[in-house]
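Input: a single structure, listed below in structure tokens.
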Amino acid sequence: MTNQPLVSVIVTTYNRAHMLKGTIDSIIGQTYHNIELIIVSDASTDNTDEIVSPYIEERIRYIKLPKNTGLPAKTRNKGLEEAKGEYIAFCDDDDLWMPEKLKKQIQAITISDSDLCFTNTIHIDKNSNTVNKRRINIPIPKKATLSRLLLSNYVTLSSVLVKHEVVKKFKGF
């Protein structure tokens, strides 16, 4: 048994099977191992089922909504309903994580006693060329104002790690 907190990783997808394998591999390849992966398909009609099937095991679940909602918030909320972790992380189906992302975030959030943390991002094109590196050097106070985030939201959702109890307070997306 591990004393590391469980991180629930929620991946939502719709007809992006061609990108999903890389996303899943980057998550299960994390150096932080106490994770559960919840993949929620918004009724994908491509070969998403075929891509996900070999990964399904105790800590990797696949939920396929019966009817397309067209709303990522609904698929994320379905993932949140299923999440058991102390922390929640989101990863879009076309994003990849660096191998130490969760390990470093768990260390940072624990040391700082924060409710949320996020990372820098590297934007790549379809040929895997770096297009833009977004470096975040702005400290975010624990009581960051909503208006500040609305005016300059520089946080990429796939970079966020947040306490599950905080997400519950806001009742999801």
**Q.** Tally, over the stretch 22-47, of residues that are buried (at least 17 other Cβ atoms within 10 Å of the Cβ) and of a type in the set (Asp, Glu)
**A.** 2
Q.
Need the failing condition index for MET19 against (1) closer than 22 Å to THR121 by Cα; (2) open to solvent by 10 Å² or more (accessible area, probe 1.4 Å); (3) out of contact with any Asp or Glu (no Cβ under 9 Å at 6 or more places or on another chain); (4) among the hydrophobic types (A, V, I, L, M, F, W, C), just the number.
A. (3)
Q. Can ASN127 be described as in a loop (DSSP other than H, G, I, E, B), out of contact with any Leu (no Cβ under 9 Å at 6 or more places or on another chain) and under 18 Å from PHE173 (Cβ atoms)?
A. no
Q) How many of the residues making up the stretch 101-122 are open to solvent by less than 80 Å² (accessible area, probe 1.4 Å), under 20 Å from GLY29 (Cα atoms) and in a strand (DSSP E or B)? A) 1
Q | Selection within the stretch 78-93 - under 20 Å from CYS117 (Cα atoms) and open to solvent by 40 Å² or more (accessible area, probe 1.4 Å) | A | LYS84, GLU86, ASP92
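The values are calculated or read from the model by the stated rules, or taken from the named source; none is laboratory data. Bear in mind the structure is a predicted one, so any value in this text is a computation, not a measurement. Methodologically, a virtual Cβ is constructed for each residue, glycine included, from the backbone with ideal geometry; neighbour enumeration extends over all protein chains shown. With ligands, DNA and RNA removed, areas are computed over all heavy atoms of the protein, side chains included. Shrake-Rupley method; radii C 1.70, N 1.55, O 1.52, S 1.80 Å.
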